[in-house]
Amino acid sequence: MFWKGRNLYIFVAFLLLAMFASSVLTLTIVGPLSLAQQGQSVSGSRPGANGFTAQEMKKLSTTYELIQGQYLHEVDRTKVIDGAISGMLRSLDDPYTTYMDKKEAEQFNDMLNSTFQGIGAEVSLEEGRVKVVSPIKGSPAEKAGIRTNDIILSVNGEKLDGLSLSEAVMKIRGTKGSQAKLQIMRTGSEPIDIVVVRDDIPVETVHSEMFEGQVGKIEIREFVQNTAKAFKEQLKALEDQGMKALVIDVRNDPGGMLQAVVEMLEPFVPSGKPIVQVEDRNGQREQTLSKGSSKPYPIAVLINNGSASASEIMAGALQEAAGAKLVGEKTYGKGTVQVTYQQELGDGSNIKMTVMKWLTPNGNWVHQKGIAPDIAVDQPAYFKASPMSKKSTLKADMLGDDVKNLQIMLEGLGFTPGRTDGYYNDKTVQAVKSFQSGHDLPANGEVDVKTAQSIEDAITKQIRDPKNDVQLKTAVETMRKAIK
């Protein structure tokens, strides 16, 4: 194929809010021929060396001249040119194809090297709205309760509708210690406000531990520059400890570099078998074949709807080429590959463009479909409860989404609200009083801001306790049974 000499990326674009979003990260392959290389001479309706016909060039230059000479206000030349480029890319209706100015491109490169600040969430632009692909594990966004598929409507009162992805990200990101008040729309509930304090985004992308029965677990939070190296080191450490089975956790991992995931998969996929395939616009396919060998122990992969892009490559390859069991929920469904063009623009700015599909070893395209688990396991309901809006004190006989989420959280904490349908009945009052009595709060059965925050803090602590992770427990138990 002609993909030579260029770094490719499989993104969901990264809004690490230090930078970039859609959710992302990278894949390394190569870019297509330049327009100049494909060009023809200018005449009539035939494209010239610059890719435009004479009429198209006239139309573009006339528009620019009208703006410069006739528009009511003076304009910034760079802003107009950048807007034209952004507009062309937006016309493709692809949330993963975006333009980054010089500053944004620098932040994007920092992100790939795990040296960024922000709220720590992957986002994409879908139907004109900023959608969360996944919060980064351990990030301010995750701690504040941001979830996959949340729609970010506004930031500190500024609406995001109509903005490009990079423009929206610029509104959301900010300096460490500053606050981002996000208005969030979540399926099944009214818009809520969530305040996120921006911070350094965790740079540890791999974490491992050993469970009883010599079942090892490696959690991968994203695929960036050093992830493959850290993965190999921690895998060897587990094997040196006598590991008999392995659980790989890519839940809420938004993706990353293709080169990294290929390096990590080679030890598991038998030599000569495909790890991943890519397909260009003409339907031509190229396989990346493994040069490694298989492992002698069983493997499970933990997935959920925040597992995207490179995470899905890993899950699909281990399932189809290495016999691994997938445990959890269906993945996000991001099956395209992006390439970045920076040198061509000449001023430090960057275009990230979708150029290929990626396919599983068996040739399946998971885009907008995701990968289904072999063993479907949902987390308890309180894992998905929304934070309360805290706009008013909740009390007896009230009805609404805040009450429903309150009841789900109380039930998860071991109290008995009597129902979870959103009606604040007598049993809910008693459950709130019981909680308040145990947390040095006035036991009046009403939920003000202080009680609401205390309940949310308690449920967050419970969610983070591995003993309550039903998906993890299922994967570990499945591996214990598979050990020969």
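The values are calculated or read from the model by the stated rules, or taken from the named source; none is laboratory data. Everything numeric in this text was worked out from a predicted model, so none of it was measured. Cβ: placed from backbone, ideal geometry, glycine included. Neighbour counts: every protein chain shown. SASA here: full protein model, heavy atoms, side chains in, ligands and nucleic acids out. Shrake-Rupley method; radii C 1.70, N 1.55, O 1.52, S 1.80 Å.
Below, the figures for the structure above:
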read-out	value
Tensor-based shape of the stretch 78-228 (alpha-carbon gyration tensor, a/c under 1.5 rounded, otherwise prolate or oblate)	prolate
Counting DSSP beta bridges with both ends in the chain, the antiparallel % (nearest 5)	75
Rounded if a/c under 1.5, otherwise prolate or oblate - the stretch 98-184, Cα gyration tensor axes	rounded
Contour excess over end-to-end distance, with Cα ends at Arg285 and Lys481 and 0.36 nm allotted per residue	66.7 nm
Distance (nanometres) between label positions extended 7 Å along Cα→Cβ at Thr175 and Glu106	1.6
Peptides ranked, highest mean first, by Cβ atoms within 10 Å: ranges 229-237, 140-148, 426-434	140-148, 426-434, 229-237
Peptide ranges 238-244, 335-341, 474-480 listed from the most packed, as the mean C-beta count within 10 angstrom indicates	335-341, 474-480, 238-244
Rounded, prolate or oblate (a/c below 1.5 giving rounded, otherwise prolate when a/b exceeds b/c) for the stretch 293-367 by Cα gyration tensor	prolate
Paramagnetic reach from Asp94 in the stretch 274-311 [backbone N under 18 Å; point 7 Å along Cα→Cβ]	277-286, 309-310
Charge dipole (debye, nearest 20) of the stretch 348-484; +1 at Cβ of Lys and Arg, -1 at Cβ of Asp and Glu	660
Label-zone membership for the stretch 398-429, site Asp465, 7 angstrom Cα→C-beta point, backbone N under 11 Å	413-414
Gain upon complete extension [Ser437, Thr416; 0.36 nm per residue less C-alpha separation]	6.1 nm
Debye, to nearest 20: dipole size of the chain, +1 on Lys, Arg Cβ, -1 on Asp, Glu Cβ	760
Point-charge dipole on Cβ atoms (K/R +1, D/E -1) for the stretch 49-94, about Cα centre, debye to 20	120
Mean accessible surface per residue for the chain, computed with a 1.4 Å probe while every protein chain stays in place, in Å²	46
Efficiency of FRET between Leu153 and Ser293 - r from beta-carbon atoms, R0 51 angstrom, step 0.05	0.55
DSSP beta bridges in the stretch 295-396 [antiparallel fraction, %, rounded to 5]	50
Dipole of the stretch 353-484 [Lys/Arg +1, Asp/Glu -1 at C-beta], most positive-end residue of Asn405, Tyr382, Thr360	Thr360
Heavy-atom SASA rank of Met88, Met57, Met210 (probe 1.4 Å, accessible area, largest first)	Met88, Met57, Met210
Paramagnetic reach from Glu233 in the stretch 245-276 [backbone N under 16 Å; point 7 Å along Cα→Cβ]	264
Gain in span if fully extended, Thr393 to Val80, counting 0.36 nm per residue against the direct Cα distance	107.8 nm
Reach of Lys450 by Cα under 13 Å, taken over aspartates and glutamates that are not fewer than 8 positions away in the same chain	Asp440
Two-site label geometry, Lys427 and Tyr71: point separation in nm, points 7 Å out along Cα→Cβ	6.2
Peptides ranked, highest mean first, by Cβ atoms within 10 Å: ranges 309-317, 58-66, 380-388, 450-458	309-317, 380-388, 450-458, 58-66
Rounded FRET efficiency, nearest 0.05, which uses the C-beta distance separating Glu190 from Ser61 and R0 of 56 Å	0.70
The chain, relative contact order in percent, only Cα pairs under 8 angstrom and at least six apart counted	14
